[in-house]
1. Under unit Cβ charges (Lys, Arg +1; Asp, Glu -1), what dipole magnitude, rounded to 20 debye, does the chain have relative to its Cα centre?
2. Using 7 Å Cα-to-Cβ label points, what is the residue 139/residue 432 separation (nm, one decimal)?
3. Among 406, 48, 504, whose Cα sits farthest toward the positive end of the charge dipole of the chain (+1 at Cβ of Lys/Arg, -1 at Cβ of Asp/Glu, about the Cα centre)?
4. What percent of all Cα-Cα pairs in the range 213-286 falls into each 10 Å bin, going from 0 up to the bin containing the maximum distance?
5. Once amide H atoms are placed 1.01 Å from N in the peptide plane, what residues at a sequence separation of 5 or more from residue 62, or on another chain, have their amide H within under 5 Å of its amide H?
6. Which trypsin sites (Lys or Arg not before Pro) in the range 89-173 pass both tests, a DSSP loop state and at most 14 other beta-carbon atoms within 10 Å?
7. Pairs 321/391; 225/303; 27/225: which are spaced more than 22 Å apart, C-alpha to C-alpha?
8. How far apart, in nm, are the 7 Å Cα→Cβ label points at residue 551 and residue 471?
Amino acid sequence: MIADLSPGLILILGALFVPLIPGRARKIYLLALPLLAGFQLYALDPGLHGQIGLFDFTLTTLRVDRLSTIFGAIFLIASFYNTIYALHERDTMQDIAALVYAGAAIGAVFAGDLITLFVFWEITAVSSVFLIWARRTRRAYHAGLRYLIIQVGSGVLLLAGTILYAARNGTIAFNDLGLVDTATTLIFFAFAIKCAFPLLHNWLQDAYPEATVTGTVVLSAFTTKLAVYALARGYAGTESLIYIGAIMTAFPVFFAVIENDLRRVLSFSLNNQLGFMVAGIGVGTPLALNGAVAHAFVHIIYKSLLFMSMGAVLHRTGTIKASELGGLYRSMPLTTIFCIIGAASISAFPLFSGFVTKSLTLSAVAENGYLISWLVLVFASAGVLEHSGIKIPYFAFFAHDRGLRCREAPTNMLVAMGIAAFFSIAIGIYPAPLYALLPYEVDYQPYTGGHVLTQLQLLLFAMLAFALLVRSGLYPEEIPSTNLNTDWIYRKAAPALIARITEFCRTVRQGAVARAQRRLERFLIHVYRHYGPDGIMARTWSTGSTVLWVAMLLGVYLFLFYV
């Protein structure tokens, strides 16, 4: 292995040779690349590597520490089982895009300076959009365009902030930044866009559900968690993140309840889970940061598992609408089991991965006195059980039997879901290996009587509330619908406003042109009246009159000249 080679570059460079490898050999090659990158990650020594001089600055392409290593590790794990999940596909574009996207995300978490971060930041944006366009529908095309504009805009903010930061501080090192000036504020908003902060989040629900079956799974793993890493690296302890995170956990609950597209429900749920990570970063203590990082680690796994199960449903039935699904547990029993494991994990049931990580963040928020934020996080924990823990498996596999009968998911999909399910259970039962990878030493025991009892009470009350709402008919009915969010501003309101402004300008222009034409016509009529065949200027003048006029003009000229 090369000491200064980022594991992400192995995936990016390896993607260049994918079109040259045919058939079964390509599948083996695709699986081998994440494994090779994993060996490279294991062989790296802590410290700064791959330093390159650039004018008066130093690029650090490879910074190895506990924070970058754990994100690099989970990104490689996700890349491996994502590749397995997509083995049934025969789409070279998706294969290349998934590798470059994962490699760029890994390269970004190992970047030691802001310029290197920016380069990989933009590569993730450009490569990931092809996972949306690969669906090859009109909706996917337009959603991909919107996604690309927003993601590239994030990169523009990052570059602008980097330039200002370098000019002010004389360095481009990517360390703790803090919200101290314009430069760091621009960088913060660049991270905020990718992390889908409130009012900046709609690209996620707009784009992810429009991607391919496998593309959505890949997208769910990298972009937002890369932003979580960047916030943990640059803005740990920024108090405003606590309140932003609390809002992020709460508002998606209401949208997810009324959403009919189950992949869009999971996209709202992704927002919800990101809020726990952001709040932990905002607290900034070792316990809170460990909680944020650990939750990001397991979230990638169980969220992928949920997206994979819904992708399998879409692959076999051709629909992912809750109003069109139900009774699939008869046809897809293994997929049902894997979905329930993912649902239990995201709901933080004891013995599942979400329980041993989410409790770290909740404890840190409570210990530092943020009572209101803690109450919001607890409410959101109950909400996620309702919309992801219950709604997803219930309406997809149980609820009303629509008579859908199909085959079980392809073997490669089941294997990928099995790997994610294994990690979700194994980490939940025995979290010590995960805790050992966290940035700080962990002195925390999740399985105490108080933790377990409190969580079970919360979950049981949430399940009771769901059951009562369904039985009483108060639960929102699953009907075909379009639920608008703040994206209504740029998807509906802005185009309508622009159309009205355009129509107004067209009307003003037409009126101005008409008035100008009328004035020109009057002018031409006036000219014609004097210079036309019958005009005064066209008449024949006598020689005497002409001489008289010339003499008078000459006299006036001489008078003005001498005066």
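1. Numbers: 38 positive and 29 negative charges, 456 e Å.
Charge dipole of the chain: 2200 debye, to the nearest 20.
2. Computed distance between label sites residue 139 and residue 432 equals 4.9 nm.
3. 504
4. So the P(r) values, bin by bin, are 21, 44, 28, 7.
5. Distant-sequence amide H within range of residue 62: 49, 112.
6. On the way: sites: 90, 135, 136, 138, 139, 146, 168; in loops: 90, 135, 136.
Sites meeting the loop and neighbour criteria: 90, 136.
7. On the way: 321/391 12 Å; 225/303 12 Å; 27/225 27 Å.
With Cα atoms farther than 22 Å apart: 27/225.
8. Placing both labels 7 Å beyond Cα along the Cβ direction yields 12.2 nm.
Read-outs: derived from the displayed coordinates by stated rules, not from any lab. On a predicted model such as this, the values are computed, not experimentally measured, just so you know. No Cβ is skipped: glycine too gets one built from the backbone with ideal geometry, and neighbour counts run over all protein chains shown.
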